[in-house]
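Here is the structure we will look at.
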Amino acid sequence: MTEDDIRTQIAPHQHKLGGTIHALHQLMRAYGYIHPEHLPIVADVFNISVAEVRGIVSFYEDFKTHPPARTTIRICQAEACQAVGSRVLTEELETIFGTKLGIPRSDIELEAVYCLGLCASGPAVQVNDRLIAKASAEKLQVPG
Amino acid sequence: MTTVYVPLDSVAVAMDANAVAEQLTKAGAVVIRNGSHGLAWLEPLVEVENGSERIAYGPVSPTTVADLIANGFLHRPLIEHPLCRGPIGSHDFLQTQTRLVFDRIGRDSPLRIPDLADVLQALTMPPDDLIEIIETSGLRGRGGAGFPAHIKWRTVRQTDAPRKYLVCNADEGDSGTFADRLLLEGDPFRLIEGMVIAGYATGAHHGVVYLRSEYPIAETIFKQALEIAYEHHLIGPNVLGSDFDFDLELFVGAGAYICGEETSLLESLEGRRGQIRVKPPVPAISGLLSMPTLVHNVISFASVPAILRLGGEVYRDLGVAPSSGTMSFQLAGNIKHGGLIEVPFGITLRDLVEGYGQGTLSGRPFKTLQIGGPLGAYLSRGELDTPLTYEAMADIGAGIGHGGLVIFDDTADLAEQARYAFEFCELESCGKCTPCRIGSVRGKETMEDIISGRASDQEFNIIDDLCEVMDRTSLCQMGGMTPIPVRSAMERFPEDFRQGTRA
Ligand SMILES: Cc1cc2nc3c(=O)[nH]c(=O)nc-3n(C[C@H](O)[C@H](O)[C@H](O)COP(=O)(O)O)c2cc1C
Ligand code: SF4
Ligand code: FES
């Protein structure tokens, strides 16, 4: 990840509306997270302060500042999924994986998400890119 | 070869529709990926073209599709099969709806360019006449606040500025709502048509769709739809041969509920933290890049073609003025038959929950429903006969919001739901004003004391005070409306809050 690589990633977004957000999405796609070294480069390209970039990164859930786990399991915590057992499912998965929602790990990370639009078919879960409706520990193919 | 329809919609895909489609292709069928008809409990809903009929089967899984194939469902209708639903259009759930926005959904690939007669017609009319039709129709914004659309249209049109913008709010963050997603995945051209007409009427030549990042399938489909729309000159220079130019782009958010609020959304679109802007000025006068901006929800824009087709009067007379036209309700949570129900305003909660929804999924007694998203009221069984109009809902201290109804059975604990309302506000607060930023944390902690049985009357007084302050002094409705779920739960289900209290 050289400075030139990073600049190449960002360059196409420099003059777009909301370019900073586009650029940060691109860095997420390319590197999996926003590295401290990215900040001054983004700041330079968009002619804003490093503090401002840091402020943007910290405001949005999607912009992570640590490397992603091999498997990220996002579990919907919002009302429609609560109504069909997402709280119990969350506890089950926490027990199975020996972790808690929101703890960064390199193997499996459980993450809270607030609605995936599958509210009529909850609980909703997303394993990396894969959407799962009516989720259960069994359906996620983990030993219950 | 037999043509088969397998939805590409998120719910269908999350129930293994891709594997089902693959098996059907292997079995020699021509598979068309369509949008969802909105009967969520039947997804993946597979439709097989047998002669002139389309026979539906659902919910189909990779296992059951193998069985259906073996039984020959590609060659003749299996009317006796337990998964057979007949022609889907005659299903009670659909037949009784008035689908104007969702009229085309599910019929075909979402990427097939539709008949564009409505747009062509609109482009021949004087813009002021179009705005008048919108005024007559009584269309109110479907994003939540229900503000009359024509006032914003006219303001944008009449405000002098070098540039004007349309912004479509597809941030759809409310739990229990998925109408925007269904449309973007299943009939994206409906939205594009509406935006082109609105752009022409208001004099805006640039549009942006702000889509939440939690909808990856909608993103993929809408991007492709934009390309196809450019190829067919539905957008771009000289729209459909007229002298009207209109550009449209997609912007994907980054995981912040508050960015659904229009001024926060505009900040985000300009590449900053999504912090609320103080109103006035309203976006219709000074919005995106300080230019006049028409901000509407997906369903608001997508209602426009039908309004022009029917005429303002016919559309207005569909509902119960001043709640005019159709509303796209969404049944979610603990409900047997969840999905999308587009019907005129005025239907009762009971007709939705017990009629369309067929009661709870668990089979246990209904306890409550939350209407209008995380900032909406919890209602009781005794209120189920209330008609769904903005006015009747306001009378019982509730709102319709974006039309989502989340159903809970008798295992729900309303103290826990009230605690969550504060927690959600804490998580999603933009941080700009104190009542919301601090009040939500205090509220959550106090509610935790109440739940643990450690509370006395003092804690209840604190909740009352916090709600009062948040309601009155928050800068936006995030902090301002968080008291609604809290208070509605406490008023209607006091027993859930008084378990084990010392008072
Ligand atoms: C906290 C908050 C979240 C909101 N989220 C959304 C949303 O996700 N989608 C939406 O269309 N409107 C949302 N709104 C309402 C918008 O601010 C705005 O009123 C709406 O987009 C205007 O479009 P309409 O006239 O079509 O309703 C939200 C409002 C608040 C206060
Ligand atoms: S009420 Fe909350 S979300 Fe709204 S401006 Fe204040 S801090 Fe931000
Ligand atoms: S509330 Fe869980 S998917 Fe919408």
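Observations
- Ranked B:452, B:137, B:324, criterion: other C-beta atoms within 10 Å, fewest first: B:452, B:324, B:137
- Overall form of chain B: oblate. Here a/c, set by the Cα gyration tensor axes a ≥ b ≥ c, is 1.5 or more, and a/b is not larger than b/c.
- For the range B:350-382 versus the range B:269-284, the spacing of their alpha-carbon centroids is 35 Å.
- When the protein assembly as shown is described by a simple charge dipole with +1 on each Lys and Arg Cβ and -1 on each Asp and Glu Cβ, the residue from A:119, B:486, A:10 located farthest towards its positive end is A:10.
- Normalised by the number of residues in chain B, the average gap of Cα pairs under 8 Å and 6 or more apart makes the relative contact order 13 percent.
- Cα gyration tensor category, rounded, prolate or oblate, for the range B:3-95 with a/c compared to 1.5: rounded
- Test item: Cα-centred dipole of chain B, Lys/Arg +1 and Asp/Glu -1 on Cβ, debye: 280
- Pairwise centroid distance, computed over Cα atoms, of the range B:414-468 with the range B:31-63, Å: 45
- Fluctuation leader among A:95, A:20, A:71 - chain A, Gaussian network, Cα springs under 10 angstrom: A:95
- For the protein assembly as shown, fraction of C-alpha pairs farther apart than 45 Å, in %: 16
- Average beta-carbon neighbours from other chains, 10 Å sphere, peptide B:245-253: 2
- Positive-end extreme of charge dipole, chain B - chosen from B:167, B:139, B:83 (charges on Cβ): B:167
- From the alpha carbon centroid of the range B:176-191 to that of the range B:143-157 is 21 Å.
- For chain A, the Cys residues with no second cysteine's beta carbon closer than 4.7 Å are A:115, A:119.
- Taking every residue in B:326-334 and counting other chain Cβ atoms within 10 Å of its Cβ, the average works out to 4.
- Global form of the range B:117-316, assessed from the alpha-carbon gyration tensor, a/c cut-off 1.5: rounded
- Among the lysines of chain B, pairs that are 8 or more positions apart or on different chains and have alpha carbons within less than 19 Å of each other number 6.
- Only Cα pairs under 8 Å and 6+ residues apart enter the sum, and on that basis the relative contact order of the range B:414-496 stands at 39 percent.
- Cα-based helix-to-principal-axis angle, A:50-59 vs chain A, degrees rounded to 10: 20
- By other beta-carbon atoms within 10 Å, ranking B:428, B:80, B:231, B:135 with the fewest at the front produces B:80, B:231, B:135, B:428.
- Whole-number percent relative contact order across chain A, with pairs defined as alpha carbons under 8 Å at least 6 apart: 19
- For the residues A:98, A:85, A:19, a GNM of chain A with alpha-carbon springs under 10 Å puts the largest fluctuation on A:98.
Here, each number is a calculation from the coordinates, and none is a lab measurement. Source: prediction; values computed, not measured. Counting neighbours? That spans all protein chains shown, and the Cβs are built from the backbone with ideal geometry, glycine included.
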